[in-house]
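What follows is one structure encoded as structure tokens, with my remarks underneath.
Since every read-out is calculated from the coordinates, none of them should be taken as a lab result. This structure is a prediction, so every number in the text was calculated from the model and none was measured. Cβ placement follows ideal geometry from the backbone for every residue including glycine, while neighbour counts extend to all protein chains displayed.
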Amino acid sequence: MKKIKVIYATRTGHSKKIALAIAKKLEVKAYNINENPSLKDTDTLFIVAGIYGRRNLIKLGTFLEKNINDGDIKNAALITSCASKMHRQKEVRKILESKGINILDEFICQGNFLLFGLGHPNKNDIDSASNFALKYKE
Ligand SMILES: Cc1cc2nc3c(=O)[nH]c(=O)nc-3n(C[C@H](O)[C@H](O)[C@H](O)COP(=O)(O)O)c2cc1C
């Protein structure tokens, strides 16, 4: 059975909501990076995170840089919460690539900012993110 972990970094709570739903589907726990979860011995790491000013939170990059050692993680899947549906986790991707981690895919789950994406993430968005994650369970 695959060793799966779900972590999230959030400012306004959407990524937490999405991460909890994904973790429930995958039958694991979701960890806020503030809890400093261990990333050792992971087949697939799900990283759920929002975008602010087109960027990842700096503290997420710092956490990954500090906590991923050689051979800890085989694969990563990104679930990105952003209002525009256009922005990606560029900084996280760069860090993972520099550490030789295979990135399976990046799923965009719409969030909101001011009037953009009002009402998102909704149930449909969260169900779609959970179904994306389920593909990588086995
Ligand atoms: C200060 C701020 C800046 C944001 N900048 C962007 C942005 O550049 N592009 C985008 O698509 N969404 C942007 N958003 C929307 C967030 O990415 C979106 O609401 C996301 O769901 C937030 O995730 P969180 O609730 O886990 O913090 C921004 C939101 C905030 C609060």
Original post:
How far is helix 14-26 tilted off the main Cα axis of the chain, in degrees rounded to 10, range 0 to 90?
Top reply: 50 degrees
Subject >> Span per principal axis, largest first, for the Cα atoms of the chain (Å) >> reply: 43, 29, 25
**OP:** Could you work out, for the stretch 5-85, what percent of all Cα-Cα pairs fall into each 10 Å distance bin, beginning at 0 Å and stopping at the bin that holds the largest distance?
**Re:** 18, 55, 25, 1
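Among K123, K40, what is the fewest-to-most ranking by other Cβ atoms within 10 Å? Don't jump to the answer; show the numbers that get you there.
Working: K123 8, K40 13.
Neighbour counts put them in this order, fewest first: K123, K40.
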**OP:** Pull up all non-local amide H partners of I79: gap of 5 or more, or a different chain, and H-to-H distance under 5 Å with H placed in the peptide plane.
**Re:** I47, V48, A49, F107
Original post:
Relative to the longest principal Cα axis of the chain, at what angle does helix 123-134 sit, 0 to 90 degrees, rounded to 10?
Top reply: 20 degrees
Subject >> Dimensions (Å) - the stretch 85-138, Cα atoms, principal axes, largest first >> reply: 38, 28, 11
**OP:** Determine ³J(HN,Hα), in whole Hz, for all residues of the stretch 62-78 in sequence, where each value follows from phi through the Karplus function 6.51 cos²θ - 1.76 cosθ + 1.60 and θ = phi - 60°; x replaces Gly and Pro.
**Re:** 4, 4, 5, 4, 6, 9, 9, 9, 3, x, 5, 10, 8, 10, 9, 10, 9
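Take every DSSP beta bridge with both residues inside the chain and express the antiparallel ones as a percent of the total, to the nearest 5. Don't skip to the end; give the middle numbers.
Values: 2 of 27 bridges.
Bridges in the chain are about 5 percent antiparallel.
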Original post:
Please state the relative contact order of the stretch 37-127 as a whole percent: Cα pairs under 8 Å, 6+ residues apart?
Top reply: 29 percent
